[in-house]
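The values are calculated or read from the model by the stated rules, or taken from the named source; none is laboratory data. Only a predicted model underlies this, so the values are computations on that prediction, with no experimental measurement involved. Don't worry about glycine lacking a Cβ; one is built from the backbone with ideal geometry, like all the others, and counts go over all protein chains shown. Ligands, DNA and RNA are stripped out before the accessible areas are found, and what is left, the full protein with its side chains, is counted by its heavy atoms. Shrake-Rupley method; radii C 1.70, N 1.55, O 1.52, S 1.80 Å.
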Amino acid sequence: MEFLQFLSWACIVFTVGMFSTGLTDLKKMRASKSADNVQFLPFLTTCLNNLGWLYYGILKTDGTLVLVNTIGACLQSLYILSYCHYTNDKRRVTSQTLLAGGVVCGGWLYFSVLLPQGESQLAQLGLTCSLFTISMYLSPLADLMEIVRTGSVERLSFSLTVATFLTSTSWTLYGLQLQDYYIMVPNTPGIVTSLIRFFLFWRFASVNQGVPSYKLIEI
């Protein structure tokens with residue numbers, strides 16, 4: 001139980017730390033009064049992911065999942081509102097946000113109303129959240145291939161890579177301790193992609209020792 005409690009706190013600290021990296025983009029938007037060069041979809045998809053896992057944590061009465069994803073959903077909502085305030089393309093952002101809201105409402109209707117409560121409900125929700133999380137971890141693979149092609153890691157954030165590795169590892173171990181494969185399995189790709197990033201840093205960052213060829217997070 002002590003090891004599980006340690007893993008619980010590790011998941012909370014590392015995950016909240018990873019979510020907080022969005023404060024860099026928030027700071028950039030406030031300073032420039034513009035949302036240019038800031039991506040919107042990662043905020044939206046991460047918020048959807050948080051809401052899904054929050055519901056899973058509520059159904060499973062897992063306090064760690066509930067706390068982490070409540071904080072995550074609140075932070076992502078802050079980033080979304082800030083982006084909507086500073087962007088010039090409000091129509092596109094509004095339509096994407098409304099679409100995401102429709103997905104949330106449809107998901108809630110399906111899992112809460114149409115499905116009977118019990119193991120089937122929890123299993124289907126866990127599977128859905130797992131597949132969504134896996135897709136989020138695998139989505140940057142195209143960027144990694146571009147880095148291999150160009151030999152430059154300036155598009156990567158070393159701090160975010162470390163945060164992702166620690167977060168994925170802690171959740172994988174946490175899921176393993178609980179024997180919850182819906183938590184353990186989707187976080188494994190996060191470990192793999194982080195290790196690939198570490199290799200790319202080692203392989204290409206030494207090309208120019210005088211100037212750092214990767215991004216550090218500034219908060």
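How large is ³J(HN,Hα) for each residue in region 24-37, as worked out from phi by the Karplus curve 6.51 cos²θ - 1.76 cosθ + 1.60 (θ = phi - 60°), to whole Hz, x for Gly and Pro?
Result, rounded to whole Hz: 4, 5, 4, 4, 5, 5, 5, 6, 9, 6, 8, 9, 4, 6.
Between exposed GluC sites (Glu not before Pro) in the chain, where DSSP calls loop and at most 16 other Cβ atoms lie within 10 Å, what's the longest gap? Walk me through the numbers before you get to the answer.
Values: sites that count: E154, E218.
Counting only loop sites that pass the neighbour cut-off, the longest clear stretch is 1-153.
Roughly how many percent of the accessible protein surface of region 1-206 is carbon and sulfur, given a 1.4 Å probe and a whole-percent answer? Please report the intermediate quantities before stating the final value.
Working: 7580 of 11200 Å².
With neighbouring chains kept in place, the figure for region 1-206 is 68 percent.
Using +1 at the Cβ of each Lys and Arg and -1 at the Cβ of each Asp and Glu in region 1-206, identify which of F6, Y55, G102 lies farthest towards the dipole's positive end.
Looking along the dipole axis, the top candidate is G102.
Go through region 114-131 residue by residue and turn each phi into a ³J(HN,Hα) via Karplus (6.51, -1.76, 1.60, θ = phi - 60°); whole Hz please, and just put x for glycine and proline.
Karplus-based 3J(HN,Hα) across region 114-131 equals 7, 8, x, 5, x, 5, 5, 4, 5, 5, 5, 5, x, 5, 4, 4, 5, 5 Hz.
In square angstrom, what is the accessible area per residue of the chain with a 1.4 angstrom probe? Don't jump to the answer; show the numbers that get you there.
On the way: 12410 Å² over 219 residues.
Heavy-atom accessible area per residue stands at 57 Å².
Mind checking which aspartates and glutamates have their Cα closer than 18 Å to the Cα of K90? Skip sequence neighbours fewer than 8 apart in that chain.
Of all the aspartates and glutamates, those that pass the test against K90 - Cα under 18 Å, at least 8 places apart if same chain - are D25, D36.
Step by step: find N for region 31-80, compute 2.2 N^0.38 Å, then divide the Cα radius of gyration by it. What's the final number? Numbers along the way, then the final one.
Numbers: Rg = 13.1 Å, N = 50, 2.2 N^0.38 = 9.7 Å.
Its radius of gyration relative to the 2.2 N^0.38 Å reference: 1.35.
Rounded to the nearest whole Å³, what is the per residue volume of the convex hull around the Cα atoms of region 64-184? Spell out each step's value before the answer.
On the way: hull volume 18.5 nm³, N = 121.
Enclosed volume per residue, from the Cα hull, is 153 Å³.
On the Cα set of region 1-206, report Rg and Dmax in Å, please.
Taking only Cα atoms of region 1-206, I get Rg and Dmax of 17.8, 56 Å.
Quick one: Karplus J couplings for region 75-88, per residue in order, coefficients 6.51, -1.76, 1.60, θ = phi - 60°, nearest Hz, x for Gly and Pro?
Karplus values, whole Hz, x for Gly and Pro: 5, 5, 5, 4, 5, 5, 5, 5, 4, 4, 6, 9, 6, 8.
Is the C-alpha gyration tensor of region 76-120 telling us rounded, prolate or oblate? Criteria: a/c under 1.5 is rounded; beyond that, a/b larger than b/c is prolate, otherwise oblate.
It comes out prolate by the Cα gyration axes.
T21's amide H: which non-local residues (gap 5+, or another chain) put their own amide H closer than 5 Å, with H modeled 1.01 Å from N in plane and none for Pro or chain starts?
none
For region 65-156, state which trypsin sites (Lys or Arg not before Pro) are in a DSSP loop and have at most 14 other beta carbons lying within 10 Å of their beta carbon. Write out the running numbers ahead of the final one.
Working: sites: K90, R91, R92, R149, R155; in loops: R155.
Listed in order of number, the matching sites are R155.
Taking H placed 1.01 Å from N in the peptide plane, check which residues at least 5 places from L156 or on another chain put their amide H under 5 Å from its amide H.
Residues meeting the criterion, in which the H sits 1.01 Å from N, are K215.
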